[in-house]
1. Under 17 Å Cα-Cα from Lys85, which aspartates and glutamates qualify once same-chain neighbours fewer than 8 residues away are excluded?
2. Take every Cα-Cα distance within the stretch 9-68, group them into 5 Å bins from 0 onward, and report for each bin the whole-number percent of pairs it holds.
3. With the crude spin-label approximation of a point 7 Å out along Cα→Cβ, what separation in nm comes out for Glu71 versus Lys29?
Amino acid sequence: MKHTAKQAGTGKEMDWRKRGDILRQYEHKCYQSAFYLLQQEEKAVYASLSALTEPLHDEAFYACSREMQEEQVKRTVIRHSLVVKRKALGAPKQATLA
């Protein structure tokens, strides 16, 4: 069974592989931003992966222009990085990524 999702406003369906290809374009920049904010590899990986999974089910994201997608990913990774940072400041070191 092929998993698909409709693109907002187009009536066309976009499969998960295509969504992954689009998100993969932002992977490196997303990690760079997270690492810049967090200065720790493990936390940057966690923040960037969680940020990139957020638009996975957001049909409107895939209907946007590349510039709008980049801006949304940027805002999302900053928000996820700040959540990771906040958890790190308030939790014991072993539990910061849980």
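1. Filter leaves Glu41, Glu42.
2. Calculated over all Cα pairs of the stretch 9-68, the distribution is 4, 17, 26, 21, 15, 10, 5, 2, 0 percent.
3. In this crude label model, Glu71 to Lys29 measures out at 1.3 nm.
Every number in this text was worked out from the coordinates using simple rules, so none of it is lab data. Model, not experiment: these values are computed from the prediction. FYI the Cβ positions are ideal-geometry reconstructions off the backbone, even for glycines, and counts take in every protein chain you see.
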